[in-house]
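Chemist: Structure in structure tokens, see below.
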Amino acid sequence: MNDFLDPKRTVAELKELRALTGDDDGAQRVAFTETWAKARKWMEGKMAELPVEAHKDAAGNSWFTLKGTSEKSLLIGGHIDSVPNGGWLDGCLNVVAGVEVMRRICSEYGGNPPVTVRVVDWADEEGARFGKSLFGSAAFSGNLDLDEARVLKDKDGISLPDAVAGYGIDFEKVKDAGIEAKNAAAYLELHIEQGPVLLDMDLPLGAVLGTFGVERHAITFRGQAAHSGSTPMNRRKDAFLAAARMAPEIYDITGRHGGVCTIGSCVTKPGIVTSVVAECRITLDQRHLDAESLAQMLGEAKSASERYAADGGVTVEWERLWQIEPVLFNPELIDFCDAAILETCGVSHRLPSGPLHDAAEVSRAGIPTVMLFVQSLHGISHNKIEDTREDHLELCVKALDCLASKTMEWILRDE
């Protein structure tokens with residue numbers, strides 16, 4: 001381990017942040033709230049001890065810059081915001097670990113590293129208040145749909161533009177954050193896995209290949225309402241039955257292609273026990289790291305729905321709710337990440353990320369990107385029981401630091 005790095009300090013600071021911004025129900029750092037602002041001020045205080053320049057961009061992302069001999073910059077990022085009643089590590093681990101890596105670089109190079117190093121806290125990764133994830137990083141990448149975001153409101157009817165204005169953000173100018181991409185040569189992000197893969201393999205760390213592509217649809221079967229007592233079974237046009245028969249095949253299709261899927265909701269009309277279901281609307285979320293496999297999953301699911309609709313004498317319609325292509329991380333940085341893990345703990349594993357992360361938007365902006373995962377106990381996040389072993393937390397800080405060193409050398413090779 002580098003003599004200037006203190007991973008135990010990162011663990012202590014994570015606990016400090018938990019005490020400051022959490023309660024008995026979990027983390028409460030929801031973006032664009034007072035608790036989130038308190039967390040950001042806490043981080044600014046940590047960074048104020050270092051010779052870095054701090055500012056917020058047009059989208060409210062917080063940047064901390066240590067200028068180096070080269071203007072080419074290494075970005076280390078994440079998000080300090082959380083979901084309501086969230087876990088103590090989701091998001092904040094990456095920026096708090098980034099602070100420690102910045103400390104090490106400052107100490108080792110006397111405040112003048114060979115490349116510029118920047119830590120970024122992206123604004124509102126979770127989208128917990130307005131339902132729009134990756135706000136700050138999508139503004140940075142230029143992929144934020146302003147027309148869609150402009151009309152979003154929270155549960156109290158406050159609009160997203162009005163809420164961000166309270167934090168000094170002019171909504172109509174948020175895409176000006178893209179200027180921060182100038183000279184960016186690589187982006188690193190550490191995150192808890194949030195799932196059980198590393199846990200089940202009894203491994204502390206993993207190198208992330210990329211983030212899943214997503215196809216999210218509403219599927220509506222339409223049949224005919226009829227009296228549940230007087231209508232024989234062979235005369236019914238039961239929209240729910242068609243959907244129910246289709247569901248197992250949807251999961252079988254997913255299994256054949258090695259992806260994941262979720263039928264997450266089901267709403268029926270007229271929704272009373274004395275009527276055959278006239279309309280059944282389900283939502284389907286399909287994910288895969290390979291674009292062709294994801295397209296095949298979608299195509300086969302549509303064919304299955306049409307077949308079961310015809311068998312049941314009903315109709316079916318598909319409505320796309322949301323879609324994003326798979327994002328594959330930089331192969332060389334994946335290799336560096338794998339090597340950093342091996343040097344840290346002797347064993348590594350490469351895996352995809354099912355959840356989206358700010359790293360996906362940075363990669364979409366054309367910046368070489370990679371993520372590092374640390375094992376999650378229980379395989380759970382977005383829950384107050386989320387946890388990671390402290391020795392694993394220390395290992396992930398060491399691995400992130402090692403990865404940062406390797407990446408800085410890589411950036412310099414292209415000078």
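Just so it is clear, none of the values below were taken in a lab; they were calculated from the coordinates. Please read all numbers here as calculations on a predicted model, not as lab measurements. Neighbour counts run over all protein chains shown; Cβ positions are idealised from the backbone, glycine included.
Chemist: Do you know the relative contact order of the stretch 213-324, to the nearest whole percent, from alpha carbon pairs under 8 angstrom that are 6+ apart?
Modeler: So the answer I get is 46 percent.
Chemist: Here's something else I'd like to know. So in the chain, what percent of DSSP beta bridges are antiparallel if you round to the nearest 5?
Modeler: The answer is about 70 percent antiparallel.
Chemist: Can I ask one more? Would you mind calculating the relative contact order of the chain from Cα pairs under 8 angstrom and at least 6 residues apart, reporting the percent as a whole number?
Modeler: 21 percent
Chemist: Still on this structure, I have one more. Is the chain rounded, prolate or oblate when judged by the Cα gyration tensor, a ≥ b ≥ c being the square roots of its eigenvalues, rounded requiring a/c under 1.5 and prolate requiring a/b larger than b/c?
Modeler: Since a/c reaches 1.5 and a/b is larger than b/c, the shape of the chain is classed as prolate.
Chemist: Distance check, please: which entries in K56/K406; K269/K302; K67/K175; K15/K173 exceed 26 angstrom between their Cα atoms?
Modeler: Correct reply: K56/K406; K15/K173.
Chemist: Still on this structure, I have one more. In straight Cα distance, which aspartates and glutamates are under 13 Å from K8, not counting same-chain residues fewer than 8 positions off?
Modeler: Once the sequence-local aspartates and glutamates are set aside, what remains near K8 is E16, E100, E390, D391, E394.
Chemist: For the chain, modelled as a Gaussian network with Cα springs under 10 Å, which listed residue fluctuates most, N183, N234, N112?
Modeler: Of N183, N234, N112, the Gaussian network model singles out N234 as fluctuating most.
Chemist: Here is a further query. Which order results if M233, M47 are arranged by neighbouring Cβ count within 10 Å, fewest first?
Modeler: Result, fewest neighbours first: M233, M47.
Chemist: Rank the residues I282, I385 as a footprinting-exposure proxy: fewest other Cβ atoms within 10 Å of their Cβ go first.
Modeler: I385, I282
Chemist: Mind running the shape call on the stretch 12-122? Use the C-alpha gyration tensor, a ≥ b ≥ c as the square roots of the eigenvalues: rounded below 1.5 for a/c, prolate if a/b tops b/c, oblate otherwise.
Modeler: Prolate shape, in that a/c is at least 1.5 and a/b is the bigger ratio.
Chemist: Moving on to the next point. Put +1 on the Cβ of each Lys and Arg and -1 on the Cβ of each Asp and Glu in the chain; which of M43, P113, G229 then has its Cα farthest toward the positive end of the dipole?
Modeler: G229
Chemist: Further question on the same structure: Quick check: the distance between the Cα centres of the stretch 222-275 and the stretch 130-177, to the nearest angstrom?
Modeler: 37 Å
Chemist: Fewest to most neighbouring Cβ within 10 Å: what's the order for W88, W122, W318?
Modeler: With the sparsest Cβ surroundings first, the list reads W318, W88, W122.
Chemist: Can you list which of the GluC sites (Glu not before Pro) found in the stretch 172-234 are DSSP loop residues with at most 10 other C-beta atoms within 10 Å?
Modeler: Within the stretch 172-234, no GluC sites (Glu not before Pro) qualify (loop, at most 10 other Cβ atoms within 10 Å).
Chemist: With θ set to phi - 60°, apply the Karplus curve 6.51 cos²θ - 1.76 cosθ + 1.60 along the stretch 327-333 and write out the HN-Hα couplings as whole Hz, x wherever there is a Gly or Pro.
Modeler: Residue by residue, the stretch 327-333 yields 10, 9, 7, 5, x, 5, 5 Hz.
Chemist: What residue among V96, V276, V120 shows peak mean-square fluctuation when the chain is described by a Gaussian network model with Cα springs under 10 Å?
Modeler: V276
Chemist: Starting from the Cα of A218, step 7 Å along the direction of its Cβ; do the same at E390; then give the gap between the two resulting points in nm.
Modeler: According to this spin-label approximation, the distance is 4.9 nm.
Chemist: Relative contact order of the stretch 267-356, please, whole-number percent, based on alpha carbon pairs below 8 angstrom and at least 6 residues apart.
Modeler: 20 percent
Chemist: Where Rh denotes the Kirkwood radius from the mean inverse Cα pair distance, what is Rg over Rh for the stretch 171-270?
Modeler: 1.19
Chemist: Within the stretch 206-250, what residues put their amide N at less than 12 Å from the label point 7 Å along the Cα-to-Cβ vector of T274?
Modeler: 227-230
Chemist: Counting pairwise Cα distances across the stretch 30-92, what percent come out greater than 16 angstrom?
Modeler: Of all Cα-Cα distances in the stretch 30-92, 52 percent exceed 16 Å.
Chemist: For the stretch 213-324, which semi-axes, largest first and in whole Å, follow from the square roots of 5 times the eigenvalues of its Cα gyration tensor?
Modeler: 29, 13, 10
Chemist: Express in whole angstrom the spacing between the alpha-carbon centres of the stretch 15-91 and the stretch 346-397.
Modeler: 17 Å
Chemist: In the Gaussian network model of the chain, springs joining C-alpha atoms below 10 Å, which of V83, V164, V267 carries the largest mean-square fluctuation?
Modeler: V267
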